[in-house]
Every structure is written in structure tokens, then in C-alpha cells.
Amino acid sequence: MLRVGLTGGIGSGKSTVAQRLSSHGALVIDADALAREVVAPGGRGLAAIVERFGDAVLDDDGALNRPALGALVFADGGARRDLEAITHPLIAERTRELVAGAPPDAVVVHDVPLLVEKHYGPGYHLVVVVGAEEETRVKRLMQTRGMTEADARSRIAAQATDEQRRAAADVWLDNDGDKDALLAEVDDLWDARLVPFEENVRRGTRSQRSDQLTLVDPDPSWPAQAARLVERVRLAFGELALTVDHVGSTAVPGLVAKDVIDLQVGVRSLADADDEALVARLAAAGFPRSGGAAHDSSKDDAPWPKRFHASSDPGRPAHVHVREAGSAGWRWALMFRDWMRAVPEAREEYAAEKLRIAVSGATVREYADAKEPWFDAMDPRAEAWAARTGWEPARD
Ligand code: ADP
């Protein structure tokens, strides 16, 4: 099962995307529809609301009078929190029921208008955001929902900004063009990413990649992409993660790299990393264990053990290196990254070395092996830099 969070500002085209995903076979859970369902007549939600707010929030036939309730909670933060304390657990319970009832191979799309505002993103395998310029959205809301311009603008202003949505989006579906263009983007997302991602998660397999090495120009969005993965990995590890960091070349602005986000998790001991429930949680979150006990080639003749997980997402290659916090291998990954960030000449040398190896048509494995002598040769310089600058690994 794959869990996808879908969101977008009002008038962006979110419902249009949800419908299209549904037509492909996704199970769409509409948070707004559930919010209405849990306060329907005869339900527990409505009884609790009447108990808290009185009969004045009911209309003549005993249904919830939304404008009346809205007026009560609009200006009163305490009342709003009371209302949410009633409805949110019921919505969450219904959501859990629907997810639990979904078939094992379902792509569950959770349509949540406030996903960004509530910071729900890390709980999904993937967050899809539908975006359109404010002017486009205002025009659509006026044309198709009969809103006044002022009403459309004030609703848009009350929601998250585009910048906040972009930060949360693993996938950004641009909907400034015509509807067919949007639907084509959705179709492609379904076929190329959601279906294979779901299959990988269900089977506990990582996404397969070509053996052939490809270096790409630095992507300025790598740190933001990594930040989202850090949160997911942190959620899956819970207390077992002492540190979670973006490491490797994609964590160094301006460095050519394989398009892979490397994360490092620091744990108390590798026994924690081997906790069966944790390994299962990571696989379910889309980061299955890959290989058994792994190790890094060390710089001090003692083995540097680690555990290794890789992403199931065919659209975002990512590796998770789990090392004992404070161990030599853990420290080296952070030091090397910080040295690369701080010293342009070192970065340029490393880029030149990468390109030199890459032109020989190396495979990913050959490339990794070929870099080792360079790392070994650089190690004293990195250590000297660390000693000179008083570098310490930053701890959370
Ligand atoms: P949301 O659910 O994000 O509020 P909808 O999917 O309901 O937005 O889209 C708002 C309105 O704009 C709908 O009437 C929809 O049919 C229309 N719409 C969506 N995308 C486009 C598009 N690319 N071009 C023209 N109209 C669109």
C-alpha cells in the first residue's frame, strides 16, 4: 500500500487531480467529506457539538447549522479548539478505518486541504501539491463557483503560501495551463511513479537503478528534498534516531553528483538499527533494508560498520546509512561534508576527480571503488582542516 498526501490551495485543481487518480484506481479519502460525515445527524460528533455549543448550532430539522457554528468559532480560538477536539479524533478514526479496509495493493490518496498548514507531510510516502498562480485560481473560483473576487482572494490569503506548499511538495503539479495538460501530468505520475512505488513498498524492495554511472549538475532543490526525507526517516526511527542528517555530495551546494540523496542516521548501537520492528517500519515507510551488515572502507584500518537502507521511490533515489552516533564512520561523513562545504578548492578537486572517473564509462560500483584512493589521500587534509577550525559534529 502506498499513502499519498494530496493538497493544493483553493481553486488550484486539487479535486480535479483527485478524480483523475481515482479513475486510475486510487482509493481517494476526502478529508472535507469526512469532516461533514462525522457531524451528520445521529452521529457522536453532532451530539458532542450540541453538548458544548448548545441547540443554537442546529437548524430546524436537527442538522448542523454550519454558518451558526462558524460564527461562534470564527472569532474565538478557544471555541475553535474545542470544536477541533471533537471532530479531529473522529475524522482520524474514520480515516484509519478506511485505510485499514483498503486492499494491500491500494494507492491511497488522502485529499487534505490543510496538509501543509497542519504539517502532515512526513506521514505520507509522497506529498503531491497542485499549484496555480493566484490570478488563475481567482479567475477559476469566480467562473466556476460564483465567488466574488474579494471572497476568492480572502480565502486564498487565509491558507498556506505557495512557498510553504513548495517546501512540502515531493511532486508539484503545475496547473496554470489547460486541464488536459494537468491530466497528462497526473497520468504520467500514476504510471511512472505511484504504481511502481506502491509495488516496491508492498514487496519491501528498493527501487532498481541502472548500473551505469550518471553525474548531474548540482540541483539547488536537493537540500529541500532531503529535508522532507529526513522528516520521514525521523518519524520511522522515532526515539531510536539520535541524529538524522543530509550527507554526501548532494548535501554540498555546487558539487556535481549522482542524483541520490544520502542521509545518515546516528543510533546508539547497531543493535538498535537491527530492531525488527524498526526494520519493518522503515520498509513500510519506503526505506527497506538493502544488503545485510554493510561497512564503509575505513581510514584507520578498523572496520566501519553500518546498516544500509534505500528508497522504494522510483522518482527519488535515496540512501540511508545507519551508523553508531559518535563512531568514526559517522563522524567522517559529517566532517567530509562540512569540509567540502567550507573549502572551495577541496570541492573543485573532488568534482574534477569525479568527472575524471565518470568519463571512463564506469559503473556505479567501479566509481565508488575508484574514489576510495582519493578519499584516503584527502583524509589528512580534511582532518587538518577539522583540527585547525575546531570542527565538531553538530548535534541536535
Ligand atoms: P480545488 O479542488 O483545488 O479547489 P478544483 O479541482 O475544484 O479545485 O478546480 C477548480 C475549478 O477549476 C473547477 O471547476 C475545475 O473544473 C476548474 N479547473 C481545474 N483545472 C483547470 C484548468 N487547468 N483549466 C481550466 N479550469 C480548470
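Would you please give the FRET efficiency between GLU163 and ARG81, computed as 1/(1 + (r/R0)^6) with r the Cβ-Cβ distance and R0 = 25 Å, to the nearest 0.05?
Values: r = 27 Å, r/R0 = 1.07.
My answer for the efficiency is 0.40.
Label the stretch 2-203 by shape, choosing from rounded, prolate and oblate, from the square roots a ≥ b ≥ c of the eigenvalues of the Cα gyration tensor; if a/c is under 1.5 it is rounded, and otherwise prolate applies when a/b is larger than b/c, oblate when it is not.
On the way: a/c = 2.13, a/b = 1.34, b/c = 1.59.
Verdict is oblate for the stretch 2-203.
Running a GNM on the chain with Cα contacts under 10 Å, which residue among ASP338, ASP211, ASP32 ends up with the highest mean-square fluctuation?
ASP211
So what's the angle, to the nearest 10 degrees on a 0 to 90 scale, between helix 222-237 and the longest Cα principal axis of the chain?
Approximately 80 degrees, to the nearest 10.
Taking the Cα centre of the stretch 15-73 as the origin, how large is its charge dipole in debye, to the nearest 20, when only Lys and Arg (+1) and Asp and Glu (-1) carry charge on their Cβ atoms? Present the calculation step by step, with values, prior to reporting the outcome.
Values: 5 positive and 8 negative charges, 59 e Å.
Rounded to the nearest 20 debye, it is 280 debye.
Under 23 Å Cα to Cα from LYS179, which lysines show up? Leave out anything in the same chain fewer than 8 places away.
LYS14, LYS139
Using the Cα centre of the chain as the reference point, and only Cβ charges (+1 on K/R, -1 on D/E), how large is the resulting charge dipole? Debye, rounded to the nearest 20.
Values: 49 positive and 64 negative charges, 68 e Å.
It comes to approximately 320 debye.
Which residue fluctuates the most in the chain, going by a Gaussian network model with Cα springs under 10 Å, if the choices are ALA35, ALA71, ALA132?
Highest fluctuation of the listed residues: ALA71.
On a straight-distance basis, which lysines could pair with LYS299 in a cross-link, Cα separation under 21 angstrom, same-chain partners fewer than 8 positions away excluded?
Filter leaves LYS354, LYS371.
So how much slack lies between ASP217 and ARG96, counting 0.36 nm per residue of separation and subtracting their Cα-Cα distance, in nm?
Numbers: separation 121, 0.36 × 121 = 43.56 nm, distance 4.20 nm.
Contour length minus the Cα-Cα distance gives 39.4 nm.
Find which of ILE10, THR363, GLY326 sits farthest along the positive direction of the dipole of the chain, computed with +1 on the beta-carbon of Lys and Arg, -1 on that of Asp and Glu, about the Cα centre.
GLY326
Using the Cα centre as the reference, give the magnitude of the dipole from point charges on the C-beta atoms of the stretch 277-394 (Lys, Arg: +1; Asp, Glu: -1; all else neutral), rounded to the nearest 20 debye.
Result for the stretch 277-394 is approximately 500 debye, rounded to the nearest 20.
For the stretch 1-58 and the stretch 167-242, write down the distance between their C-alpha centroids in whole Å.
26
Which longest run of the chain has no exposed loop site in it, a site being trypsin sites (Lys or Arg not before Pro) in a DSSP loop with at most 15 other beta carbons within 10 Å, and the site itself not part of the run? Don't skip to the answer; put the middle values down first.
Values: sites that count: LYS118, ARG209, ARG268, ARG395.
That gives 269-394 as the longest site-free run.
Helix 179-189 versus the longest principal axis of the chain: what angle, 0 to 90°, nearest 10, using Cα atoms?
50
Which residue fluctuates the most in the chain, going by a Gaussian network model with Cα springs under 10 Å, if the choices are VAL252, VAL364, VAL57?
VAL57
So what does TRP391 come to for accessible area, using a 1.4 Å probe and Å² rounded to 10?
Result for TRP391: roughly 40 Å² accessible.
So how tilted is helix 328-342 from the main axis of the chain? Cα-based, degrees 0 to 90, rounded to 10.
So the inclination is approximately 80 degrees.
Output wanted: per-residue J couplings in Hz (rounded whole) for the stretch 348-361, from phi through Karplus 6.51 cos²θ - 1.76 cosθ + 1.60, θ = phi - 60°, x for Gly and Pro.
Along the stretch 348-361, the couplings run 5, 4, 5, 4, 5, 4, 4, 5, 4, 5, 5, 5, 6, x Hz.
What does the C-alpha gyration tensor say about the overall shape of the stretch 319-386? Classify as rounded when a/c is under 1.5, otherwise prolate if a/b is larger than b/c, or oblate.
Numbers: a/c = 2.18, a/b = 1.30, b/c = 1.69.
Note, shape of the stretch 319-386 comes out oblate.
Under the classification rounded if a/c is under 1.5, otherwise prolate if a/b is larger than b/c and oblate if not, where does the stretch 34-154 fall, given a ≥ b ≥ c as square roots of the Cα gyration tensor eigenvalues?
On the way: a/c = 1.94, a/b = 1.11, b/c = 1.75.
Since a/c reaches 1.5 but b/c is at least a/b, the shape of the stretch 34-154 is classed as oblate.
The values are calculated or read from the model by the stated rules, or taken from the named source; none is laboratory data. Everything numeric here is computed off the predicted structure, so don't read it as measured data. Backbone-built Cβ (ideal geometry, glycine too); neighbour counts: all protein chains shown. Heavy atoms of the whole protein, side chains included, go into the accessibility calculation; ligands, DNA and RNA do not. Shrake-Rupley method; radii C 1.70, N 1.55, O 1.52, S 1.80 Å.
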